[in-house]
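Below is one structure, written out as structure tokens; comments come after it.
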Amino acid sequence: MKTLRKVYCFLYKNKQLITAAFVMLLGIWLSSGTLAPFAITLEDKMMIKVDAPCTYLYNYDHALNSTTFKMLDGAPRAQWDYSFVLRRILFPLIAYPFMKLFSYEIGGVIAGALLNILAFFIFINFVKKKYSIVAANISMWLLALYPGIMYWAGLPYMYTCIVPFTLLATILLFKINESDDLKKNLLYFLLLGVLFTGYDLIVFFLPATIFILFKRRKFKEVPLALFFLTLPSIIIIFILYYFYQVEIINDNTNAYPIIINSYLAIFKNLTNPGWFYDWFKYVFFEKRFFSIFVHVFFKSNFYILPLLFIITYGFARFKYSFKLNTIETSILLATLLLFLFNNLAPKYIYFFQMRGDKIPRFYQPVFVAYVLYIARFFHTVNMSSLIRKSFICLFVFALTFNAVIILGPITKNRIGEKVYLDFYKHADNKEMIKNLNKYGRRPLGICN
């Protein structure tokens, strides 16, 4: 009876958190099977149909993404050695027991859902302790109805770790910013480095960490940070190369070196004004740099969250002089630097362009800065009743719009189709509703 009473008390005290977690899980479930946005926004001929145990739909890179599981499972070398995603090994390691028990497809979705929920609980609890229940509640619902979770989590790929690892990495940035203990900071650097083996978050959180250290004038820690932040990835690459004979350089890892090489052409053309004119014309006119910036800003986080952030930031700065904090600034700056690096580059030859607005998903991790700023604003600023009510209405509208996006596949609405396609335009036409009409609407567990 005492145990039941404790469970009841916990559920009662955390009923809003439990409700939000349930909403998130429901959204993930309604984004799986034949409803997975990362699959159904593709042309029919590009999708993979897998009978596991029903005919569900998967992205065209399904075989590629399954290679890490096959490698861990001891499959013949020919089934995985061609892959260029083996270095993103952390999620497959976490998900392996579930994949082994339930199959790669179903086990991967279950593991991804649990990972997202766990990181969600940890992050909300962190925000609650650091700020208040108000800030926690704002963060809670922005995340529970965040389409960026649902887009990935309905499939068993490592992309499902982008949001949870971003949340955990942000907590570590706070720890680094507040700690004067070198030993603790080394641990935080190392933990961040471990998260980087799940997905390429290093391009966001390494610059953000360095910015924090510089701001705190901890210059001596910078070399240590660089070493420990990259150490886990180096170890993984070493193991893959020496024990599995996996090549380090491939089509995926070659992108940034090619872009860097394009910038090095600047030194070869210092005395050639024509080259600089062509570069300027190419970036700002042919490639429409400023238009791309606006498109990427909104599309990278499904329109509504960036819009809510801009409105909140504009009003908060004008009315209350409410500023970004160090963590938010570091993440925003790191994202901006990555965007500038990709989109200001001179012309280069590569099969996959990192510039442009067809791949706004690259910049998704910046979402956490938006969420934190909005949550802190509600927590910190003592607004008048009219202003608070106005912002609550805006907040409810934002959540409703996000819910419409998430329910796009199950309701076959055009808003969800457009927003999901804009996030990652890996097809030229609107395909989602066509695919749903052809294959039906069946989340995991429903066959007919």
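Numbers for the structure displayed
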{"quantity": "Charge context of HIS62, other residues only, Cβ under 10 angstrom, K/R +1, D/E -1", "calculated": "-1"}
{"quantity": "Estimated vicinal HN-Hα couplings, Hz - the stretch 14-27 in sequence order (Karplus 6.51, -1.76, 1.60; Gly, Pro = x)", "calculated": "10, 4, 5, 5, 5, 4, 4, 5, 5, 4, 4, 4, 5, x"}
{"quantity": "Distance in nm between pseudo-label sites at ASN261 and THR400 (7 Å out along the Cβ direction from Cα)", "calculated": "5.3"}
{"quantity": "Cβ-derived FRET efficiency at R0 41 Å, LYS438 paired with ASP180, nearest 0.05", "calculated": "0.10"}
{"quantity": "Set of aspartates and glutamates with alpha-carbon distance to LYS347 below 12 Å, sequence-local pairs under 8 removed", "calculated": "ASP278, GLU286"}
{"quantity": "Gain upon complete extension [ASN252, LEU333; 0.36 nm per residue less C-alpha separation]", "calculated": "26.7 nm"}
{"quantity": "Quarter of the Cα convex hull surface for the stretch 126-236, i.e. its orientation-mean projected area (nm²)", "calculated": "7.7"}
{"quantity": "For the stretch 225-240, Karplus couplings with θ = phi - 60° (6.51, -1.76, 1.60), whole Hz, Gly/Pro x", "calculated": "4, 4, 5, 6, 5, 9, 4, x, 5, 5, 4, 4, 4, 4, 4, 5"}
{"quantity": "Value of Rg/Rh across the stretch 43-110 [Cα atoms, Kirkwood radius]", "calculated": "0.96"}
{"quantity": "Principal semi-axes in Å for the stretch 52-197 [√(5λ), Cα gyration tensor, largest first]", "calculated": "31, 20, 11"}
{"quantity": "Euclidean distance between Cα centres, the stretch 252-300 to the stretch 328-351, Å", "calculated": "10"}
{"quantity": "Burial ordering of HIS62, HIS295, fewest other beta-carbon atoms within 10 Å first", "calculated": "HIS295, HIS62"}
{"quantity": "Relative contact order (%) - the chain, alpha-carbon pairs under 8 angstrom, separation at least six", "calculated": "23"}
{"quantity": "Shape category assigned to the stretch 393-435 from the gyration tensor of Cα positions, a/c cut at 1.5", "calculated": "oblate"}
{"quantity": "Calculated over the stretch 189-250: convex hull of Cα atoms, volume per residue (Å³)", "calculated": "81"}
{"quantity": "Backbone HN-Hα couplings from phi across the stretch 256-265 [Karplus 6.51/-1.76/1.60, Hz, Gly and Pro as x]", "calculated": "5, x, 5, 5, 4, 4, 5, 5, 5, 5"}
{"quantity": "For the chain, alpha-carbon Rg over 2.2 N^0.38 Å", "calculated": "1.00"}
{"quantity": "Taking SER83, SER385, SER330 and counting other C-beta atoms within 10 Å, the order from fewest to most", "calculated": "SER385, SER83, SER330"}
{"quantity": "Virtual spin-label span in nm between VAL381 and HIS295, 7 Å along Cα→Cβ", "calculated": "3.2"}
{"quantity": "Mean projection area, nm², convex hull over Cα of the stretch 377-448", "calculated": "7.4"}
{"quantity": "The stretch 251-351: chymotrypsin sites (Phe, Trp or Tyr not before Pro) in DSSP loop, at most 10 other beta carbons within 10 Å", "calculated": "PHE351"}
{"quantity": "Simple label model, 7 Å out from Cα along Cβ direction - LEU231 to ILE18, nm", "calculated": "4.2"}
{"quantity": "Residue among PHE378, PHE120, PHE205 with the largest mean-square fluctuation in a Gaussian network model of the chain, springs linking Cα atoms under 10 Å", "calculated": "PHE378"}
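A short reminder: the numbers here are calculations on the coordinates, not readings from a lab. Note that the coordinates shown come from a computational prediction; the quantities given were computed from them, not determined experimentally. Backbone-built Cβ (ideal geometry, glycine too); neighbour counts: all protein chains shown.
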